Amino acid sequence: MKKLKILIIFLAFHCAYGQTYKAVYSIEVKQKEKSNNGNNEDYYAKQAKILGKKMIAEVNATTFSLLFNSEKALFQPIERMGVEEIKQKLAKVVLIRLQSHNKVYSDVSCNEVYIYHEAGGNHHLRGYPLEHINWKLTNEQKKFQGYTLIKATAEMQNNNDENINVEAWFCPDISTKFGPALFNGLPGLIMQVKAIGGKYDYSFELKSLKKERKNTEITIPLDKYDVLTEEESNAVYRKMMSNLKPN
């Protein structure tokens, strides 16, 4: 217990002074089963269900890294070496919907989050406010991997305009506003978060947390890519899709 307290103090001190840490998260995605009202499913419906299960299985085999210091963070999927390309593409279909398929940059100094997007050769960053979630802090606490966590909740809409309920558990002893994907803005590292609603229910959970041996610089490529709003980014995707339609 004494060693744990020393570690927490060490983490809090060094996060405040620019030390870089790496958190690794797992993901669990659940797809809601659709009722067929007692009707027999046709061949295509059955194949779609089989494909959906394969997609979820590939997503749940994915892990993510969160590299962070006192000012910036980079969240991204960890490449699975030796995995067939088709399996990675199956996972990406779902991860795009969860906005977890590409690099997510966060910057406290300008209170911004940037998601890297590529659509039909157009590379850009989609910008959001860092503290875009209206969190409600609770008095509920629990222990997780030796850390004391505090529960926070929120109601929000995802990028598909679906209403979701979010439950997050953060560690106030690790002084940072970051967490997995777009879940940011709490007064401590988010170690667990669950989003219920929409097409998929999903959750992230911290698997490991360690200090990087070298103080890795986190660079946001603002000089390389344009920053678009969500509406502007969606317009790029719509244009790409219209160009793909046959005349």
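Read the figures in this text as sums done on the coordinates, not as results from a lab. These numbers were taken from a predicted model, which means no experiment stands behind them. Don't worry about glycine lacking a Cβ; one is built from the backbone with ideal geometry, like all the others, and counts go over all protein chains shown.
Taking other residues whose beta carbon is less than 15 angstrom from the beta carbon of E85, and scoring Lys, Arg as +1 and Asp, Glu as -1, yields +2. Applying a threshold of 29 Å to the alpha-carbon distances of K103/K136; K143/K177; K89/K194; K32/K136; K151/K224; K87/K151 flags K151/K224; K87/K151 as lying beyond it.
Give the residue list of GluC sites (Glu not before Pro) in segment 193-239 that are DSSP loop and have at most 11 other beta-carbon atoms within 10 angstrom. Present the calculation step by step, with values, prior to reporting the outcome.
Numbers: sites: E205, E212, E217, E230, E231, E232; in loops: E212, E217.
Filter output for segment 193-239: E217.
Comparing E112, E84, E58 in a Gaussian network model of the chain where C-alpha atoms under 10 Å apart are linked, the largest mean-square fluctuation is found at E84. Using the Cβ-Cβ distance between D42 and L137 with R0 set to 35 Å, the FRET efficiency from 1/(1 + (r/R0)^6) comes to roughly 0.10. Tell me which label goes with the value of semi-axes √(5λ) of the Cα gyration tensor in Å computed from the coordinates here: (i) 36, 32, 16; (ii) 32, 23, 17; (iii) 43, 21, 13. After the calculation, the listed value that fits is (ii). Simple rule: put +1 on each Lys or Arg Cβ and -1 on each Asp or Glu Cβ in segment 2-244, find the dipole, and look at H132, Y237, L98; the Cα lying farthest toward the positive end is L98. With each label modelled as a point 7 angstrom along the Cα→C-beta vector, the K49-E231 pair spans 4.2 nm. The modelled label-to-label distance between V24 and I96, using points 7 Å beyond Cα along the C-beta direction, is 2.8 nm. What residue among A119, A48, A168 has the largest mean-square fluctuation in a Gaussian network model of the chain, using Cα springs under 10 Å? The residue that fluctuates most here is A48.
About the Cα centre, and with charges only on the beta carbon of Lys, Arg (+1) and Asp, Glu (-1), how big is the dipole of the chain? Nearest 20 debye, please. All intermediate terms of the calculation are to be shown ahead of the outcome.
Values: 35 positive and 28 negative charges, 196 e Å.
Using only the charged Cβ atoms, the result is roughly 940 debye.
Taking Cα atoms only, the orientation of helix 85-97 departs from the longest principal axis of the chain by about 80 degrees. Computed over the chain with a Gaussian network model linking Cα atoms closer than 10 Å, the most mobile of G52, G185, G82 is G82.
Take each peptide in 169-178, 131-140, count the other Cβ atoms within 10 Å of every residue, and average; sorted highest first, the result is 169-178, 131-140.
Can you compute the helix-only [θ] at 222 nm over the chain? Use -39500 (n - 2.57) per DSSP H run of at least 4 residues, normalise by all residues, nearest 500 deg cm²/dmol.
Working: 4 runs with 61 residues, N = 247.
About -8000 deg cm²/dmol.
A straight Cα-to-Cα reach below 17 Å connects K30 with the aspartates and glutamates E58, E162, E167, D201, E205, residues fewer than 8 places away in its own chain not being considered. The mean sequence separation of alpha-carbon pairs under 8 Å and at least six residues apart, normalised by the residue count of the chain, gives a relative contact order of 22 percent.
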